[in-house]
Structures are given as C-alpha cells and as structure tokens.
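This report refers to the structure that appears directly beneath it.
The values are calculated or read from the model by the stated rules, or taken from the named source; none is laboratory data. Predicted model only: the values in this text are computed from it and were never measured. A quick note on method: Cβ atoms are made from the backbone with ideal geometry, for glycine too, and the neighbour counts reach across all protein chains shown. Heavy atoms of the whole protein, side chains included, go into the accessibility calculation; ligands, DNA and RNA do not. Shrake-Rupley method; radii C 1.70, N 1.55, O 1.52, S 1.80 Å.
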Amino acid sequence: MYHRIAKPDADIWKIAVDPVNFEQQIQFLRKKTTVLSVPELVEAVRNKKVKSNTVAITFDDGYADNFLVAKPILDQYAVPATFFVASQTIGTTAEFWWDELENILLFAPQLPAAFSLLVADQLITASLEQETHLSDALRLQLQHWDASNEPAPSHRASLFLKVWQQLRPLSHAEQQQQLHAIREWASMLPSQRPDYRAMSVAELRTLASSELHTIGLHTHTHPALAFHTAEVQQQEIQRNKTFLEQHTGHQPTILAYPYGNHNQETIAVAAQLHLQACFTTEVKLVGHDSDKFRLGRFQVLNNPVSSFAQQLHKWQKG
Ligand SMILES: [Zn+2]
C-alpha cells in the first residue's frame, strides 16, 4: 500500500515514498516477485490459486503525484497498480483535511497562544506557550515526528493530535466547518499547496485509460465509514462509484476503506453494490482463506531497496 510518491518537507504519517526509493522498490518487485494487478489477485483468491512470492500494488486517496510521478515509473517497468480514488477532491485545488490541519497547527509561522474549539460537544483547549512562533528548531522537530509511533514532542503536536482525533469521525461538512474556524483562529487562508493537490479530472481519465492500471473506490469524501449510518455509507460509496464511472468510463469493483475503517454495514453495502473485494489497512497477507471484504495490506515505507527487501521478506513470512 502506497499513498504518495513525493518528498515533502514533513511526513508525520509516513505515507510519502521518495521517487528514487520508489523506482528501486518497483525495480526490485519486478525482478524478484510476481506482480499481479489487484483484479488478478482477487481472482486468484476466489479460485484459491494465490501463489507464494506474489504481490499487488495499491495507492490510496488520489494525490496528483500518483499520476505525475508514480505512473511513469510503473509504466517503465510494466508493473500494474490499482489507484483507490476519493472523488470529492478530484479536479479541485483543495487539500485533504489532514494535510491542511497539519499545515496550520504544526507549521504555521505564527499562531495565537490560546486555542479553544468546540467539536461535537467536546471543548478542546490548549496553550501553545513558547510555541506560538515556529522556530527553526521546533520546525525541524515537527518535520521529523513519526505521529503513528511516537508521542507528541511539543505543544503544537499534542494539540494537532487532539484535533485530528476529534475531526476524523466527523462528516466532511463538519470537518470543513471546523477547519474554517481553525483557519480563522490562525488568520490563514485555505491551504492550496500544489504538491498536495489531488489529480485533475484529465489526469484521472488518462490514468484510467491505461491498460496496465485500475481505478478503485475510496468513497466520495473519505469518511471513517463506521462512524456513519448505513445510509450515509451507501451514499458515499455510490457517489464515488458514479463519479468514477462518469469520468473514466470503467465500472470500479474494488474498494479500499478510508483509514481502513469499516463495520458490518459497510460490508453489507459493498455486497449489495456487487463489489468484488474490499481492502482494509490491517497488516496481514492475502491468501486462500482471506475474507474478500477484508483483505489486508502492508504500508510501504520510504526505504532504500536493501531495507525494503528485508521488510518484504518479513511480510512474506507472515
Ligand atoms: Zn485514504
């Protein structure tokens, strides 16, 4: 599982792989493993014919770098990939909410000292104390933070985590309302960094027209599905499906749950829409006994080929 092929200044969720490392990783996979497309893998699971040393490559979210940077490398080595695309940001200059939140709370050059925000009946308050001004030292510390594995190293980071946790289960409209309030508090305009944009419609169309690659579902607004009603879940997936059909001319049949988050109702919706398979972010191998609505994945880190090979070997041992 990949998200971004890029070299951002900060990557607190470890979702960006440097293009140089990515090319080495793809070269290695091409030489040392059998790379199937996701539809081929799903077919192999169904027929109980998954062979060892087989991999499939996926990308989540629909960042423009998938098209601009990853696709040329994949094409060069004739390696297939599936791109799970959230439709709402396609063709816009807006950033995903998590990128904008990070840009404001961690990296704004100057913030007010006192923070207070009411989110779903929860009052979040914080005092940034010595961190209102982003010093070079603080910036470096935050740029190197691994938010999934390390405790918050500063006041800004702990505030960011608190707000991130409260915003994640909300609807897109509520998230945008909260982001608006946070922007106002920080006296900032909406973040529209070109490096963080999603694909344009034309880029999506070109990617989808490739024989090698597949476009998959990732919902319309990227909600954490299990926090929403079955009806909302159904609308999110259906709207995504309609958008992708309209703009690519293909019917997407495979879904990746945003944040891996799902429940029984999500699976019922997927079955009702006749989807062939769904991916979580659970760290596990795909095999004959895998539940086709709960296929696992491994997040590829920004590692040079030597450590990538070691990591791959560990994953294959299960
Ligand atoms: Zn996602």
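What to note about this one:
- Matching residues, the stretch 195-224, being closer than 13 Å to Ala86 by Cα and in a helix (DSSP H, G or I): Val201, Leu204
- Hits in the stretch 185-244 (condition: under 30 Å from Pro109 (Cβ atoms), open to solvent by 40 Å² or more (accessible area, probe 1.4 Å) and within 16 Å of the ligand (Cβ to nearest atom)): Arg197
- If you check Pro109, Pro194 for being farther than 30 Å from Glu245 by Cβ and of a type outside the set (A, V, I, L, M), only one passes: Pro109.
- Flag if Gln176 is under 30 Å from Gln251 (Cα atoms), assigned by TED's automatic domain parsing to the domain that holds Ser116 and in contact (Cβ under 8 Å) with a residue 12 or more places away in the chain: yes
- Members of the stretch 49-84 that are away from the ligand (no atom under 15 Å from the Cβ) and either outside the structural domain of Leu217 (by TED's automatic domain parsing) or among the hydroxyl-bearing types (Ser, Thr, Tyr) (or both): Ser52, Thr54, Tyr77
- Subset of the stretch 285-295 [within 13 Å of Ala56 (Cα to Cα) and open to solvent by less than 80 Å² (accessible area, probe 1.4 Å)]: Val286, Gly287, Leu295
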